[in-house]
Amino acid sequence: MLKIALFGATGTIGKSILEEALRRGHEVTAVLRDISKLEELSKQHEKLQLKTGDILVPDSVTEAAAGKDVVISAFGPKFGEEDELSEVARTLVEGVRRGGAGRLIVVGGAGSLEVEPGVMLMDTPAFPEEWRPIARAHAEAYEIYRNSDIDWTYFSPAAVIEPGERTGNFRIGTNQLVTDELDNSRISVEDYAVALLDEADEGHFIRSRFTVGY
């Protein structure tokens, strides 16, 4: 059983991570600006605790990280506020270090994954223009984690991640986009959560990045 602090637990990916962690019997502290959003769920799960906090405030991260085996960030910025990703990265690194948590796992972006040697997905002609700002922001945040002195793991999804089924069947990669035989790259939110919690349990990619896809 792990003791987990989870940021971003009310987002699409964060909710699935929360459900998967509770399914496995882990103790989860969901850190939220507004804990009322999860109060009903917390009444149904004795291993779910709620804590008021802000991922942009180092002291909040420090308090949340204290005594935890792992801090998981499923933070996603609002449209137009992509630069917050770098600020959050610096706050998480500082807070996890000061709080003494065992490690940090970050829900990252797919844009900086390679589609061929030296070519990132976000630099390909087919990459949607409207996604480039968030992809670049994720790439900049990744560099902050990569150059930090804590035990971090950066988990990039497939090119397409959306709600679907929890199958438990997927393939793991590292810095290259995972594609199927038709050159599609996709993963369900539910299976992404399975892969993330597998990593939390097993620790194969400490101080490195990995990705997932069908």
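Here, each number is a calculation from the coordinates, and none is a lab measurement. Note that the structure is predicted; figures quoted are calculated from it, not measured.
Mind checking the angle between helix 132-146 and the chain's longest principal axis? C-alpha axes, 0 to 90 degrees, to the nearest 10.
Compared with the principal axis, the helix lies near 60 degrees.
Under 5 Å between amide H atoms, partner at least 5 residues away or on a different chain: which partners does residue 174 have, H built in plane at 1.01 Å?
Long-range HN contacts for residue 174: 211.
Any idea what angle helix 189-202 forms with the longest principal axis of the chain, computed on alpha-carbon atoms, 0 to 90 degrees, nearest 10?
70 degrees
With runs of 4+ DSSP H residues as the only contributors, calculate the mean residue ellipticity of the chain at 222 nm using -39,500 (n - 2.57) per run, divided by the residue total and rounded to the nearest 500.
-10500 deg cm²/dmol, from helical runs alone.
Using θ = phi - 60° and the Karplus curve 6.51 cos²θ - 1.76 cosθ + 1.60, what whole-Hz ³J(HN,Hα) does each residue of the stretch 18-31 get, with Gly and Pro shown as x?
4, 4, 5, 5, 5, 4, 8, x, 7, 8, 10, 9, 8, 9
Quick one: which residues, 5 or more positions from residue 6 or on another chain, have an amide H under 5 Å from its amide H? H modelled 1.01 Å from N in the peptide plane, none for Pro or chain starts.
29, 30, 31, 72
Give the total of Lys-Lys pairs in the chain with Cα-Cα distances below 27 Å; include a pair only if its members are 8 or more places apart or on different chains.
Within the chain, the lysine pair count is 21.
Beyond 31 Å, what share of the Cα-Cα pairs of the chain remains, rounded to the nearest whole percent?
So the pairs more than 31 Å apart make up 14 percent of the total in the chain.
With the contact rule set at Cα under 8 Å and sequence spacing of 6 or more, what percent relative contact order holds for the stretch 3-213?
The value is 19 percent.
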